[in-house]
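For reference, the structure is listed below as structure tokens.
The values are calculated or read from the model by the stated rules, or taken from the named source; none is laboratory data. Only a predicted model underlies this, so the values are computations on that prediction, with no experimental measurement involved. As a convention, Cβ positions derive from the backbone with ideal geometry for all residues, glycine included, and neighbour counts pool all protein chains shown.
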Amino acid sequence: MQRKLSIPVEFVHATLANTARAGIDANQLLITNRISPRLLLETNARISMERFADLQAHTMVAMNDESLGYHLQPLPLGTWEMMCHATLSAQTLLQALQRFCRFYQLFGLKLRVDTRSSQRQITVSIDSETLSQMNSEYLAHSLLFHCHRYLSWLGNAFVPIHSATLNAPQRFSQQDYHRMFLGAPVRFSDQAELRLNRRSLMGGIEQNELSLRHYLRHPMLMMLTQSHTASGWAGRVYTILRRQINAPQELNAVADELEIHPQTLRRRLDAEGTSFSEIRAFMRRDFALHLLGKQGLSIEEIAYRTGFSESSAFIRAFKTWTGVTPYTYRKGL
């Protein structure tokens, strides 16, 4: 079964931040995408990744701007699609990255690729002048996020991130940024750059015109849900746990299946910026959010499907995860 993901409402606020200035009713956009405006009042509330991806796509269409009002000049609808066509014929991911940067320079977004800084790393950065012209750090953070996820899709393999440096101030929690960049160290300064694995970028393009047509049906959803991290230890643990979500295994059993010592597994997960208990909690939370969007399932049934023996324990856990009870969350859908 496909992994179900969720996202905090802070990202929804960021998506809708410039709608009023554009004369667009943000509440109507939320309702159209089956997101209750009341959820945005809850600090710890989350929504499914599918709903968020739909909201972003519809907001871009409503604003006629793929930058969501964050750039000096709007990025017309179809900008991302044309970038995809411009990079698809590249010989390597590095060449695609260079084309990606040149393409966005046409719109005043000055991205640069430094291939000389390290034998192991290649740096993609946003020019400081461009950063000063943006009315929010959100666009810079999103642009680097999209750049990395697109490269991973293009090569059909996770491109390891050595580090991410994002221009301050920090808009979301450190944990959210940690997940955005898939466990890489994230720090904040006056720069915005990603240091990527050089060897991975020497790989070839694995996509074609046919797969691109499929990708372009909903590129935002593809990038948000396909992280290509199955080869990582966190991905392997998630896959094992997901197979028996209503009876989740303990660390020792998972380590046995992976044929490594439990302590070794703990260290490797820690090196990827996560833990066994965190993976299990996130898996339950995201699957619960998915099930709450389905009609006809009781809270008791959802509790059972997510591995809780009692609905009361599930309700307490859900409130810890999201800040609201499952009843309140479902009422807002």
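Numbers for the structure displayed
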read-out: Meets criteria (surrounded by 14 or more Cβ atoms within 10 Å (Cβ to Cβ), among the charged types (D, E, K, R) and either within 21 Å of the chain's Cα centre (by Cα) or assigned to a helix (DSSP H, G or I) (or both)) for ASP270; value: no
read-out: Qualifying helices (runs of 4 or more DSSP H) (wholly inside the stretch 105-210; at least 2 residues being at pLDDT 90 or above and under 24 Å from LEU16 (Cβ atoms)); value: 137-155
read-out: Residue selected from the stretch 214-226 under the condition assigned to a helix (DSSP H, G or I) and over 16 Å from ALA86 (Cβ atoms), by the criterion farthest from the chain's Cα centre (by Cα); value: HIS214
read-out: Out of ARG149, ARG187, ARG195, ARG179, sole residue that is in the same structural domain as ARG120 (by TED's automatic domain parsing), out of contact with any strand residue (DSSP E or B) (no Cβ under 8 Å at 6 or more places or on another chain) and closer than 25 Å to GLN133 by Cβ; value: ARG149
read-out: Flag if ARG99 is surrounded by fewer than 18 Cβ atoms within 10 Å (Cβ to Cβ) and at pLDDT 95 or above; value: yes
read-out: Hits in the stretch 91-104 - residues which are of a type outside the set (Lys, Arg) and part of a helix (DSSP H, G or I); value: LEU93, LEU94, GLN95, ALA96, LEU97, GLN98, PHE100, CYS101, PHE103, TYR104
read-out: Qualifying residue in the stretch 289-299 (condition: within 15 Å of ALA234 (Cβ to Cβ), at pLDDT 85 or above, in a helix (DSSP H, G or I) and not assigned by TED's automatic domain parsing to the domain that holds ALA164); value: no
read-out: Selected residue [more than 15 Å from the chain's Cα centre (by Cα) and either surrounded by fewer than 19 Cβ atoms within 10 Å (Cβ to Cβ) or not in a loop (DSSP other than H, G, I, E, B) (or both)] from ARG34, ARG51; value: ARG34
read-out: Filtered residues of the stretch 311-333 (kept if in contact (Cβ under 8 Å) with a residue 60 or more places away in the chain, surrounded by fewer than 17 Cβ atoms within 10 Å (Cβ to Cβ) and assigned to a helix (DSSP H, G or I)); value: LYS331
read-out: Residue check for LEU72: surrounded by fewer than 19 Cβ atoms within 10 Å (Cβ to Cβ), at pLDDT 95 or above, over 30 Å from THR328 (Cα atoms) and not small (Gly, Ala, Ser); value: no
